[in-house]
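The values are calculated or read from the model by the stated rules, or taken from the named source; none is laboratory data. A quick note: this is a predicted structure, and the numbers were derived from the prediction, not measured. Here Cβ is always computed from backbone atoms with ideal geometry, including for glycine, and neighbour counts include all displayed protein chains. Side chains included, ligands, DNA and RNA excluded: accessible areas come from the protein's heavy atoms. Shrake-Rupley method; radii C 1.70, N 1.55, O 1.52, S 1.80 Å.
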Amino acid sequence: MSVHCPNPLKLFRTSPRRGAAAVLTAAVVGLTAAGAAWSAPAAAPSAAKALRTCTASDLHLSMGRKEGAAGSLYWPVRFTNTSTGSCALRGYPGVSVLDTAHHQLGPAAARSGTSYRTVALAPGHSASAVLRTTNGPVGGPCLRTGSYLRVFPPASRTPVLIPASWTTCSGLFEVGPVNTEGVF
């Protein structure tokens, strides 16, 4: 049994208006489908917002690897969920540099101003917030080198002390928001 297939070229030999309408209709249907696909991941952040906020006792804080670029020094503070359930972090941690006697050296880190979203952390998963200063005295002097970073996780009033050698230079000490991309 044979099936008759119309000539595909005949399908496009309609009036210019019908052809344009067909193309426009196909484009609208395609964009609508794409819009539905693009909006699907938007449900994920609302699920993260429903999670409880991570507390300092839920987290293990550690330092990542220092990196320098274009006269700046970047160092990520890593937040690892050590609890048995998922929790969420949103926003900026509070960070200051302390000496060996736990006295603060200079002002606390300023926020970078980068936009942020809620980060859901399953048990054992990590996110980070990146610290930044200049890579030496390029626009002003450096403060004494600190021995600890005092870090308040976002939405927490309980600090965590991390042994870390940090020198703030040129009056620049910033922190980015907690994220999973490792960006400032």
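Data for the structure
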{"read-out": "Region 56-164: C-alpha gyration tensor shape, a/c 1.5 cut-off, then a/b vs b/c", "value": "prolate"}
{"read-out": "Net charge contributed by nearby residues that have their C-beta within less than 11 Å of residue 97 (K/R +1, D/E -1)", "value": "+1"}
{"read-out": "Protein accessible area in region 70-184, 1.4 Å probe - carbon and sulfur %", "value": "53 percent"}
{"read-out": "For region 89-95, Karplus couplings with θ = phi - 60° (6.51, -1.76, 1.60), whole Hz, Gly/Pro x", "value": "10, 8, x, 9, x, x, 9"}
{"read-out": "Approximate spin-label separation residue 181-residue 99, in nm, with each point projected 7 Å along Cα-to-Cβ", "value": "4.0 nm"}
{"read-out": "Net charge, residue 74 excluded, C-beta distance under 15 Å - Lys, Arg +1, Asp, Glu -1", "value": "+1"}
{"read-out": "Alpha-carbon centroids, region 116-159 and region 68-96: separation in whole Å", "value": "6 Å"}
{"read-out": "For residue 88, residues with placed amide H under 5 Å, excluding near neighbours", "value": "52, 53, 54, 121"}
{"read-out": "Accessible area (Å², per residue) of region 75-181, counting only protein heavy atoms and a probe of 1.4 Å", "value": "46 Å²"}
